[in-house]
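Visitor: What follows is a single structure, and I will ask about it in a moment.
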Protein chains: 6
Amino acid sequence: MNGGHEGDDDRVRQFTEFRQRMNERILAEPNQVVRRFFALDTQTYQPGALDVKTKELLGLVASLVLRCDDCISYHVAQCKEAGASRDELFETFSVGLVVGGSIVIPHLRRAVDFLDRLERGDAAPHSAHDHG
Amino acid sequence: MNGGHEGDDDRVRQFTEFRQRMNERILAEPNQVVRRFFALDTQTYQPGALDVKTKELLGLVASLVLRCDDCISYHVAQCKEAGASRDELFETFSVGLVVGGSIVIPHLRRAVDFLDRLERGDAAPHSAHDHG
Amino acid sequence: MNGGHEGDDDRVRQFTEFRQRMNERILAEPNQVVRRFFALDTQTYQPGALDVKTKELLGLVASLVLRCDDCISYHVAQCKEAGASRDELFETFSVGLVVGGSIVIPHLRRAVDFLDRLERGDAAPHSAHDHG
Amino acid sequence: MNGGHEGDDDRVRQFTEFRQRMNERILAEPNQVVRRFFALDTQTYQPGALDVKTKELLGLVASLVLRCDDCISYHVAQCKEAGASRDELFETFSVGLVVGGSIVIPHLRRAVDFLDRLERGDAAPHSAHDHG
Amino acid sequence: MNGGHEGDDDRVRQFTEFRQRMNERILAEPNQVVRRFFALDTQTYQPGALDVKTKELLGLVASLVLRCDDCISYHVAQCKEAGASRDELFETFSVGLVVGGSIVIPHLRRAVDFLDRLERGDAAPHSAHDHG
Amino acid sequence: MNGGHEGDDDRVRQFTEFRQRMNERILAEPNQVVRRFFALDTQTYQPGALDVKTKELLGLVASLVLRCDDCISYHVAQCKEAGASRDELFETFSVGLVVGGSIVIPHLRRAVDFLDRLERGDAAPHSAHDHG
């Protein structure tokens, strides 16, 4: 029962700090496969035949149907950074909802709550790709 | 590590409020696919060839094997409302556990904790179908 | 692209023989955990607080949302054996479809095709619980 | 071990016929939830804030990470119809592969084989949205 | 957005107590299938042709790709108990990451945080197999 | 209903040829993310703190719980190559079965059938790591 309740802007900040600290910790580890995977993850969302916004929308819908809250809020923030509108985000949500089913609904609620707080300026967008 | 700890009846109430508030927020959005999906979700559990209790047990076992805590506690509450006994709920849990495997166990613990609190009157049952 | 095409009644018979042969092979192996799991799987669908038909409908919806064709056709046959009507099966399909999303549709097509053949007498129902 | 082997253009045609026949069969059934779900599925991919090509790419990546071969080949064909280039499809594949992991690789092989046959004209594109 | 933040050693202790209490509660229930499943779960990790450490690493990678935080931290602790080194754990993480994809990353961060706290002595290892 | 029937040794050979041909086709494509992912996949199973057999057993159990037949048969062959005994493979199967549940059973039947054919010499082991 992990909701996105009133007053958890502190939790968002704590979570962002936790993610950065643990990413650094993981990348300092002498495991080359893990480090290369993180580099590949960053490379995946670089512009190419598809622009960054489209790629981030793809990352968002994949995260929705696989139902990972951290990945969803990460990609919502990246989509906003890349210029996606609220309507574009909701159409992406609708694809995730129809493909993935009602089991996606609790994650959709938290995604919309996160988006609302981003638009109010309560949640700081990420400044660089930092791995889901 | 999201457990159902002592003293989180407040979290249950916060969660219920969060769910209602976000459902209203989502349904106010001009995205017809999302709104129709929510309507269809409600229609799914109406009585038909199968009664409401059986349909809610089906929703519960589907939520268990897909491992969504919010959906599980929602359907546990709906099953109770529809008259399911503790033994019927545990037999439904057992199908979910055997089909879905030991990965279901942490969700089963939280489901039983939620059921215990419902039976003690600590957790308010939902008054209407409000989407997983 | 594994469909349920015209003319694959032979495939159904081959599949049934394959399942029986492999179940015997697996149970002859000196691995007690696997053998106990198979025994537990059989016990799960015995009548209790819930009757056999309800339990098989639970097994069916769990198989649908987890998208396992073999398990789905197995439980469709068991549900028919236990007296489930076509309308009850379709309501169970509808719960699986709404909870699991459009990704369930290809499995639904094969489930309905299998049900049609069962009702025409083309596909032999299983004579005993033989493990998904 | 269901591969996309040489000489299974017949299987593609059989599969397409099977899909159409079963969709008609399912929609003829008096289950309103299932019928409404199919209508909603069609509506999801209509142009809106996002164009059809982007929506079909979203459907494709969701199908990839959920690993449904029928859905993947369906959306590959729809993406081609909507004007997606081979490079755009491969970038969508790359997002699906990185988000979903190496478990996606067997499905990627079948997706590329299907795309190759589409580009050679061996596999007929679908003429209308017909549900995954 | 359930992270493993600074200061949640209390949450770890609460979670451990919750797990033990709920396991006892579940095993006290007159449902034989559930009780037998728990016994079988314990038996699965007993030494045999494979030693305990290898079996716990198998349980860990299965939990990683199925993305269950409680199961992951449980098996990390069991692996440590069975003598797995940090490098062996990271190689197991790397298999889980490559097979399961970037969707595993948030769980990896929490796994490494849990491992760090175990190594600092902040998190008590489990004294016996207590079911995921 | 994709079983591993009598007489499908031809299908195994066709499948192996298909896999090799499509891997070459995919690696010839100018998509660096996909190519790097394939290289990383190979690197993951190189000996390190854990030996090759243990890593392949990890890959096998991950494939079992994620229920990918191609990946399962691939890793069964790799495990045999690396010296895993039938008992070790069955203990790995038992972990996958208990963690993943009865939904794994159809895949277990096909895995044991593939192992039987490998041991009879009917199915050629793979000569190098070629990506699941």
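Every read-out reported here was derived from the displayed coordinates using simple, explicitly stated rules and does not represent laboratory data. Every value quoted in this text rests on a predicted model; they were computed, and no experiment measured them. No Cβ is skipped: glycine too gets one built from the backbone with ideal geometry, and neighbour counts run over all protein chains shown.
Visitor: My understanding is that a pair violates if its Cα-Cα distance is over 24 Å; which of D:55/D:80; B:55/D:55; E:55/F:80; E:53/F:53 do that in this structure?
Guide: Pairs exceeding 24 Å: B:55/D:55.
Visitor: Spelling out what I want: for every residue of segment D:100-108, take phi, set θ = phi - 60°, compute 6.51 cos²θ - 1.76 cosθ + 1.60 (Karplus), and round to whole Hz; glycine and proline get x.
Guide: With the stated coefficients, segment D:100-108 comes to x, x, 5, 5, 7, 4, x, 6, 4 Hz.
Visitor: While we're looking at this one, here's another question. Starting from a label point 7 Å past Cα on the Cβ side, list the distances from residue E:43 to the same position in the other copies, nm, shortest first.
Guide: Copy-to-copy label distances at residue E:43, shortest first: 0.9, 4.3, 4.8, 4.8, 5.2 nm.
Visitor: Expressed as a rounded percentage, what relative contact order does segment D:14-132 have, with Cα pairs under 8 Å and six or more residues apart?
Guide: 29
Visitor: Sticking with this structure for a sec: In nm, what does the list of distances from residue B:29 to its counterparts in the other copies look like, shortest first, when each label sits 7 Å along Cα to Cβ?
Guide: Label-point separations across copies, in nm and ascending: 3.0, 3.1, 3.5, 3.5, 4.6.
Visitor: Can you tell me the dipole magnitude for segment B:1-113 around its Cα centre, using point charges on the Cβ only (Lys, Arg +1; Asp, Glu -1), in Debye to the nearest 20?
Guide: Using Cβ point charges on Lys, Arg, Asp and Glu, segment B:1-113 gives about 320 debye.
Visitor: Moving on to the next point. If you put a point 7 Å past Cα along the Cβ direction, how far is that point for residue D:81 from the same point in each other copy, in nm, smallest first?
Guide: Spelled out, the distances from residue D:81's label point are 3.6, 4.0, 4.1, 4.1, 5.6 nm.
Visitor: So what J values fall out for segment B:62-68 if you push phi through Karplus, 6.51 cos²θ - 1.76 cosθ + 1.60 with θ = phi - 60°, rounded to Hz, Gly and Pro as x?
Guide: Whole-Hz 3J(HN,Hα) from phi for segment B:62-68: 4, 5, 5, 5, 8, 6, 10.
Visitor: Go through segment D:74-90 residue by residue and turn each phi into a ³J(HN,Hα) via Karplus (6.51, -1.76, 1.60, θ = phi - 60°); whole Hz please, and just put x for glycine and proline.
Guide: Running phi through 6.51 cos²θ - 1.76 cosθ + 1.60 with θ = phi - 60° gives 4, 6, 4, 5, 5, 4, 4, 3, 7, x, 5, 7, 4, 5, 5, 5, 5 Hz.
Visitor: So, one more: Please report the spacing between the Cα centers of segment E:6-55 and segment D:12-52 in Å, no decimals.
Guide: Cα centres, segment E:6-55 to segment D:12-52: 44 Å.
Visitor: Using the count of nearby Cβ atoms within 10 Å as a rough guide to exposure, how do C:40, C:58 rank from fewest to most?
Guide: C:40, C:58
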